[in-house]
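Participant: Please find one structure pasted underneath; my questions will follow.
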Amino acid sequence: MKPRKGRHPAAVRHLELASLIVLAVLVLGVAGYMLIEDMSFTQALYMTVMVVSTVGFTEVEPLGTAGVYFTIFIMVIGVTAMFFFLAVVFEIVLSEYLGDIWGKRRMRSSIDNLRNHYIVCGYGRVGRSVAEELFTQGREFVVIERNPEVFQECVDEGYLGLLGSATDNETLVEAGIMRAVGLVSALRSDADNLYVVLTARTMNPSLLLVARADQPGSEEKLFMVGADRVVSPHQIAGKRMVNILVRPQVCEFIDVGVTGNIPEYQLIEYRVDGTSPVAGMTIAEIGLRERTGVTILAVRGEGATAFSPNPPADTRISRDDVLIMIGTPEQMANFEREQSDWKK
């Protein structure tokens, strides 16, 4: 999914060139008839257009020998220029028509092949930011947007998308909700977000659901119908600004670790599944820092509402625990290799 801007730039350049050539032929023809046959501007323009378009009306006055040869010359280059111009126009029209058909088929095929992807409902300001961040992090996702103009902006960015309403069950199925791992409902209406969360939770109980809420009373309702996380853009913005004022260094530390904009260190989360050999072992027995350099910052057990920060070495790791870890990109690569060895 690489961003792209504009459509058919080569065809547009060809159209500009063809138009300039036709205009040059017209100017040359008018000037030639005015000089060679001493015609008025109107007569010269009439003769030039008639010859170039091959209409075949009678000339405005008998032509001399020089005028006949000039007419043959204008006819040859004029017809060639017109054929080139019409071919370019046909190319643009055909590419627009067939391009839309092939583009929709490619889009559909790409969406059908998605697995463990994310669904972004709504491509407004919030949805656009979500899509940009998912793209930056290399995550596969599909956008659902019902406004045709806004949807076209999404397509022009190179993102996979569906034109339709996220409140429609069929649209969610087309987006691969049964194969997705997460869904962000970033619609402008809290009522629509409520419906999307309820529908998505019913269709895929294991889906990670994040919803947008504008009204204070909507958060509790969204949690009740199945949202895992509820984000209020206004509240988040306010808290964020205060934290930058009060704890600027902490904010910068977290931003660098989470966004990865500066390749110094990264923060990741790791869920211990049933096949992991570390389940039942203590942090000391795992020896993760000694083998990879990655440090475990916090642990949250299954069903726990809070993390246990700076866990001691004798903390026993259980199945479905979530580990928050920090390390440099090189150390994270070591951890990825360690994970591969665990699965063997």
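The values are calculated or read from the model by the stated rules, or taken from the named source; none is laboratory data. These numbers were taken from a predicted model, which means no experiment stands behind them. Note that each Cβ is placed from the backbone with ideal geometry, even for glycine, and that neighbours are counted across all protein chains shown.
Participant: Report yes if residue 285 is surrounded by fewer than 16 Cβ atoms within 10 Å (Cβ to Cβ), under 18 Å from residue 338 (Cα atoms) and free of Cβ contacts under 8 Å to residues at least 24 places away in the same chain, otherwise no. Steps first, please.
Facilitator: Values: surrounded by fewer than 16 Cβ atoms within 10 Å (Cβ to Cβ): yes; under 18 Å from residue 338 (Cα atoms): yes; free of Cβ contacts under 8 Å to residues at least 24 places away in the same chain: yes.
For residue 285, the condition - surrounded by fewer than 16 Cβ atoms within 10 Å (Cβ to Cβ), under 18 Å from residue 338 (Cα atoms) and free of Cβ contacts under 8 Å to residues at least 24 places away in the same chain - is met.
Participant: Could you please let me know if residue 52 is in contact (Cβ under 8 Å) with a residue 24 or more places away in the chain, in the same structural domain as residue 85 (by TED's automatic domain parsing) and in a helix (DSSP H, G or I)?
Facilitator: Values: in contact (Cβ under 8 Å) with a residue 24 or more places away in the chain: yes; in the same structural domain as residue 85 (by TED's automatic domain parsing): yes; in a helix (DSSP H, G or I): yes.
In short, yes.
Participant: From (1) touching a helix residue (DSSP H, G or I) at 6+ places or on another chain (Cβ under 8 Å); (2) more than 24 Å from residue 199 (Cα to Cα); (3) polar (S, T, N, Q), pick out the condition that doesn't hold for residue 152.
Facilitator: Of (1) touching a helix residue (DSSP H, G or I) at 6+ places or on another chain (Cβ under 8 Å); (2) more than 24 Å from residue 199 (Cα to Cα); (3) polar (S, T, N, Q), only one is false for residue 152: (1).
Participant: Give the residues of segment 60-72 that are of a type in the set (A, V, I, L, M, F, W, C), surrounded by 15 or more Cβ atoms within 10 Å (Cβ to Cβ) and within 59 Å of the chain's Cα centre (by Cα), sorted by residue number.
Facilitator: Filtering segment 60-72 for residues of a type in the set (A, V, I, L, M, F, W, C) gives 60, 63, 66, 68, 70, 72.
This time we only want the ones that are surrounded by 15 or more Cβ atoms within 10 Å (Cβ to Cβ), so: 60, 63, 70.
The one that is of a type in the set (A, V, I, L, M, F, W, C), surrounded by 15 or more Cβ atoms within 10 Å (Cβ to Cβ) and within 59 Å of the chain's Cα centre (by Cα): 70.
Participant: While we're on this one: Which of the numbered conditions does residue 165 fail, given that it passes all the others? Conditions: (1) part of a helix (DSSP H, G or I); (2) without any contact (Cβ under 8 Å) to a residue 24 or more places away in the chain; (3) among the hydroxyl-bearing types (Ser, Thr, Tyr).
Facilitator: (1)
Participant: Picking from 173, 181, 142, which residue would you name as being surrounded by 19 or more Cβ atoms within 10 Å (Cβ to Cβ), modelled with pLDDT of 95 or more, among the hydrophobic types (A, V, I, L, M, F, W, C) and not assigned by TED's automatic domain parsing to the domain that holds residue 255?
Facilitator: Values: 173 fails: surrounded by 19 or more Cβ atoms within 10 Å (Cβ to Cβ); 181 fails: surrounded by 19 or more Cβ atoms within 10 Å (Cβ to Cβ).
None of the others qualify; the one that does is 142.
Participant: Anything in segment 237-284 that is aromatic (Phe, Trp, Tyr) and at pLDDT below 85? List them, or say none. Spell out how you get there, then give the answer.
Facilitator: Taking segment 237-284 first, the residues aromatic (Phe, Trp, Tyr) are 253, 265, 270.
253, 265, listed by residue number.
Participant: If we keep just the residues of segment 240-256 that are among the aliphatic types (A, V, I, L, M) and under 16 Å from residue 326 (Cβ atoms), which is surrounded by the most Cβ atoms within 10 Å (Cβ to Cβ)? I'd like the intermediate steps shown before the answer.
Facilitator: First, the residues of segment 240-256 that are among the aliphatic types (A, V, I, L, M): 241-242, 244-246, 250, 254, 256.
Subset that is under 16 Å from residue 326 (Cβ atoms): 250, 254, 256.
Numbers: 250: 11, 254: 13, 256: 16.
Of everything passing the filter in segment 240-256, 256 is surrounded by the most Cβ atoms within 10 Å (Cβ to Cβ).
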